[in-house]
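The next block holds one structure in the form of C-alpha cells; read it before the comments.
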Amino acid sequence: MMSEGDLMNPAAVCSPVEDLQGDARWMTQHERFVQECKDAEPEVLFLGDSMIQLMQQHEVWKDLFSPLHALNFGLAGDTTCNVLWRIKNGELKNIQPKVVVLWVGTNNHQHTAEQVSGGVKAITQFLIAQLPHAKIIILGLLPRGERPNPLREKNAAVNELLRSWVPQLGSSVHFLDLSTEFVHSDGTISKRDMFDFLHLTAAGYQTLSKPLYDLLLQILDETTAETLT
C-alpha cells in the first residue's frame, strides 16, 4: 500500500512518544485505548491529537457524538508518527467501526507540508487495510496563531495536498476542511473560537461539529442502506 516515497517519509515512520516525564503517561493512555477495544463496539472512532481528545470536554461530545456510539482515541501532542504507531499496536483490535474520523498533523513541527500529508496518507492507508468496510473522514488542519504566520501557511499547504490525493483513495474516504470558518476578513482568529489560537473553545467546537455531525449522519445512513441491500 505504501510507495517508496512514503517509506522514506519521516512523518510516516511509526514511533511512540518518548517518556520525557518518566511517568509513562502516554503509554498508559495507549494501553487504556487498547483495553477499550476489547469491551466496546463503536460505530464511530475518533483518532488523533489534542484536537480530538479535548472534544470530550465539551457539550458537543455528549450531545452529538457520544450518542453515535463513538470512541475517542485522541492524545495531546501526537504527530502522524505517534498515531500510526498506536493503530499498529493494538488500538484497532477487536473493533469494527463504521466510520473513522482522523484529525492529526498540526504537531508535526519538524516535517514539511508534503511529509505531513504523506504521514496522514500512511495512516489512512493502514486504516483502509485494517478496516476495509469502514468509511474515513479526514479533517483538515485548522489555522493557528492570532494573525497570518508560517505555521498557518504550512497547515493550509497540508490541506491542499490532502484535498488533491483523497479522491484517489475512492469513495470510502472523505475530506472535510473547515479552516476558513475560523479566519475573519482581516486575517485574524478570535479567542472566542480558539482560546490560545490553536485549541478550540466550546464555541469553536460548535462551529466544527455541526458539519462534521451532518457528514457522519449521512455516511452512517448510507452504510445502513448498503447493509440492507
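The values are calculated or read from the model by the stated rules, or taken from the named source; none is laboratory data. Quantities reported herein were computed from a predicted structural model and do not represent experimental measurements. Using ideal geometry, Cβ is built from the backbone for each residue, glycine included, and neighbour counts are taken over all protein chains shown.
Residues being among the hydrophobic types (A, V, I, L, M, F, W, C) and over 24 Å from THR180 (Cα atoms): count how many of those fall in region 90-142. It would help to see each step written out before you state the result.
Let us first name the residues in region 90-142 that are among the hydrophobic types (A, V, I, L, M, F, W, C), namely 92, 95, 99-104, 113, 116, 120, 122-123, 126-129, 131, 134, 136-139, 141-142.
Subset that is over 24 Å from THR180 (Cα atoms): 92, 95, 99, 122-123, 126-129, 131, 134.
Of the residues in that region, 11 qualify.
Mind listing just one residue for me: the one in region 19-33 that is of a type outside the set (A, V, I, L, M, F, W, C) and part of a helix (DSSP H, G or I) and, of those, surrounded by the most Cβ atoms within 10 Å (Cβ to Cβ)?
Kept after step one, since they are of a type outside the set (A, V, I, L, M, F, W, C), are these residues of region 19-33: 19, 21-23, 25, 28-32.
Filter once more, so that each one left must be part of a helix (DSSP H, G or I): 25, 28-32.
Numbers: ARG25: 13, THR28: 10, GLN29: 17, HIS30: 22, GLU31: 14, ARG32: 10.
Restricting to residues being of a type outside the set (A, V, I, L, M, F, W, C) and part of a helix (DSSP H, G or I), the top hit is HIS30.
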Original post:
If you check PHE197, PHE126, which single one turns out to be part of a helix (DSSP H, G or I), over 13 Å from the mean Cα position of the chain (by Cα) and aromatic (Phe, Trp, Tyr)?
Top reply: PHE126
Original post:
Looking at region 152-196, which of the residues that are out of contact with any Pro (no Cβ under 6 Å at 6 or more places or on another chain), small (Gly, Ala, Ser) and on the phi < 0 side of the Ramachandran plot is modelled with the lowest pLDDT?
Top reply: SER171
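Determine whether VAL120 is closer than 25 Å to GLN56 by Cβ and part of a helix (DSSP H, G or I).
Values: closer than 25 Å to GLN56 by Cβ: yes; part of a helix (DSSP H, G or I): yes.
So VAL120 fits the description; yes.
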**OP:** Please specify each residue of region 71-102 satisfying the condition of being of a type in the set (Gly, Ala, Ser) and either surrounded by fewer than 22 Cβ atoms within 10 Å (Cβ to Cβ) or free of Cβ contacts under 8 Å to residues at least 12 places away in the same chain (or both).
**Re:** ALA76, GLY77, GLY90
Subject >> Residues satisfying the stated conditions in region 34-70, i.e. out of contact with any Pro (no Cβ under 8 Å at 6 or more places or on another chain), buried (at least 22 other Cβ atoms within 10 Å of the Cβ) and within 18 Å of ILE123 (Cα to Cα) >> reply: PHE46, LEU47, GLY48, ASP49, MET51, ILE52
Original post:
List pairs: first in region 187-216 and more than 17 Å from ARG152 (Cβ to Cβ) and of a type in the set (Lys, Arg), second at pLDDT 95 or above and part of a helix (DSSP H, G or I), Cβ under 6 Å, 6+ apart or cross-chain?
Top reply: ARG192/ALA203
Subject >> Residue within region 159-181 that is closer than 16 Å to TRP103 by Cα, free of Cβ contacts under 8 Å to residues at least 24 places away in the same chain and buried (at least 20 other Cβ atoms within 10 Å of the Cβ) present >> reply: yes
